[in-house]
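Written below as structure tokens is the structure these notes are about.
Only the coordinates and a few stated rules stand behind these numbers; no lab work does. Bear in mind that the values here come from a model prediction, so they are computed numbers and not experimental data. Cβ: placed from backbone, ideal geometry, glycine included. Neighbour counts: every protein chain shown.
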Amino acid sequence: MNICRYTAPVLLRTSGYGAFLRYLEETEANQWKTGDELKHMQWVKLRRLLEHCARHVPYYQKMFQEKGIHWEDLKSFDDFSRLPVLTRKIVGDQGDATLTRGVRKEDLILRSTSGSTGEPTITYYDRDKMLRSWAYDVRHNRWAGYEWGTKIASYWTVYPERSPQRDILTPLRKLKKYLQGHARTIKIDPRDATEEERLDFLRQIKSFKPKILEGYAYGLHDLAMLVERDSIALPPVPAIIPGAEALSPAVRTTLERVFQGTVFNRYGSTEVEIIASECPHHSMHTNDDNLLIELVDTPDGDLAKVVITDLHNYAMPLIRYDLNDYARWADRPCACGRGLAVFSRLDGRTSDLFKTKDNRLVTGLSLGPDVEKIIGVQLFQLIQKEHTAFHLFCVADRALNPGDLEGFHARLKKSFGPETLFTWEIVEEIPRTAGGKHKFYLSEVT
């Protein structure tokens, strides 16, 4: 019997985290609101945030003044969409001017991106935002069957939230550890894990029998390849939650086959946490009661940039923040009944895009399935050297010959021109980024 399910609410209240339980109750109810109700909620929260920025945040005060904008004149989402986009470079250049006047950094939680697409981006939020983020995390995990005390096997690189001068999260970390129970979560950091350590983690999974397996999409794929290579008999894992990397159909199929469970995809970022999650009906629902998500069309016409406003970060507001990601909206609601909007496509990051000679953009994800069709290829990295020249590194479980790659070369020619050159080589492994991720698509074309 999982007693955590019953003791957790009591413990949270008596430990001073009653606000978290209130936020969790709100988020659970919000997911069933209609799209119109959620839009109204977003607008109320957005107006409150804009007023706060205009009165208390130096960067936005200056920006509004320079643009001749008064926050009260923003009467609609269309008006709001004409505000300038906030970029990572602006955040870095502006420094403390993006913080609310009067807040002390030692009272805030610092978050830093892995820097896999350039310089790390530093953002901050306060305790209230932290509790709200935890509530959204629990809500979305519940779609995959999570409850207090659920057994979880975790394959993540952990970049702990921290405050610059004192760790204000220590009490919450201790509480979470108690709620999970010392025997309710097993973890491994994939960054420097050896093959033997990964095999040991699989042996732990065999005896531990987790209900949820979470981690980097392609890190979990690495584990799956070891399971199949060594014919390891694992108990079924009912739910698999991959994140941090774009999930291809082939990898989803492999994860569900090997671990004998259902994949619940996850999309998020360090700056704003969960952006979208997959429900049991396999729709990627956006986190609409926490974020205002805009998809801004690009000149290319087929791609739309993800621009996000965090509706609850008052310590360091992020308004119309460009994530350098691309996505598309679905044209119909999900049958699950949730009013949260749905992504039909996630096209990856700016760094995952290739350019043609006539400046069209081609997503790496659109090419990935053609690589995955090559029998024997387990992992790959595709590099665009010039507009019409590509090199493919691949890890394969068999020898490949030129005929195996003809289909993919033809696919490149179709997108980039008949003169497109293509070279390839077999390697033993493809290095991860410093953050433990696999980088599948790289363009050296500026």
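Picking from Gly145, Phe20, Gly261, whose Cα lies most toward the positive end of the charge dipole for the chain (charges on Cβ: Lys, Arg +1; Asp, Glu -1)?
Farthest towards the positive end: Phe20.
Taking 0.36 nm per residue of separation and subtracting the Cα-Cα distance, what length does fully extending Thr14 through Arg101 add?
28.1 nm
Among Asp289, Asp370, which comes first, second and so on when ranked by fewest other beta-carbon atoms within 10 Å?
With the fewest neighbours first, Asp289, Asp370 line up as Asp370, Asp289.
With a Förster radius of 30 Å, plug the Cβ-Cβ distance of Thr7 and Cys336 into 1/(1 + (r/R0)^6) and report the FRET value to the nearest 0.05.
Here the calculated transfer efficiency is 0.50.
Near the amide H of Ile240, under 5 Å away, which other amide H atoms are found, from residues 5 or more places off or on another chain, if H is placed in the peptide plane?
Leu213, Thr262, Val263, Phe264
Which links in Lys105/Lys129; Lys357/Lys414; Lys33/Lys151; Lys357/Lys385; Lys211/Lys439; Lys129/Lys209 stretch past 22 Å when you go from one Cα to the other?
On the way: Lys105/Lys129 15 Å; Lys357/Lys414 13 Å; Lys33/Lys151 30 Å; Lys357/Lys385 13 Å; Lys211/Lys439 29 Å; Lys129/Lys209 33 Å.
The answer is Lys33/Lys151; Lys211/Lys439; Lys129/Lys209.
Can you tell me the FRET efficiency between Ile186 and Glu28 if r is taken as the Cβ-Cβ distance and R0 is 25 Å, rounded to the nearest 0.05?
On the way: r = 28 Å, r/R0 = 1.10.
Between Ile186 and Glu28 the formula returns 0.35.
Compute the length gained on full extension between Leu226 and Arg360: take 0.36 nm times their separation in residues and subtract their Cα-Cα distance, giving the result in nm to one decimal. Could you put the intermediate results ahead of the total?
Numbers: separation 134, 0.36 × 134 = 48.24 nm, distance 3.88 nm.
Going from the current span to full extension adds 44.4 nm.
Where does the charge balance sit around Pro280 when Lys and Arg score +1, Asp and Glu -1, over other residues with C-beta under 12 Å from its C-beta?
Cβ neighbours under 12 Å give a net charge of +1.
Run the numbers for Leu21 and Ala399: contour at 0.36 nm per residue of separation, minus the present Cα-Cα distance, in nm.
130.5 nm
What is the fewest-to-most order of Val342, Val85, Val306, Val44 by other Cβ atoms lying within 10 Å of their Cβ?
Ordered by Cβ neighbours within 10 Å, fewest first: Val44, Val85, Val342, Val306.
Efficiency by 1/(1 + (r/R0)^6): what FRET value for Gln204 and Glu37, r their Cβ-Cβ distance, R0 = 56 Å, to the nearest 0.05?
0.80
Straight-line reach from Lys67: which lysines have Cα under 20 Å away, leaving out those fewer than 8 places along the same chain?
Lys75, Lys89
What percentage of all Cα-Cα pairs in the chain are separated by more than 35 Å?
On the way: 33261 of 99235 pairs.
Cα-Cα pairs in the chain separated by more than 35 Å: 34 percent.
Under a Cβ-only charge scheme (Lys and Arg +1, Asp and Glu -1), can you give me the dipole magnitude of the chain about the Cα centre, in debye to the nearest 20?
Result for the chain is approximately 1320 debye, rounded to the nearest 20.
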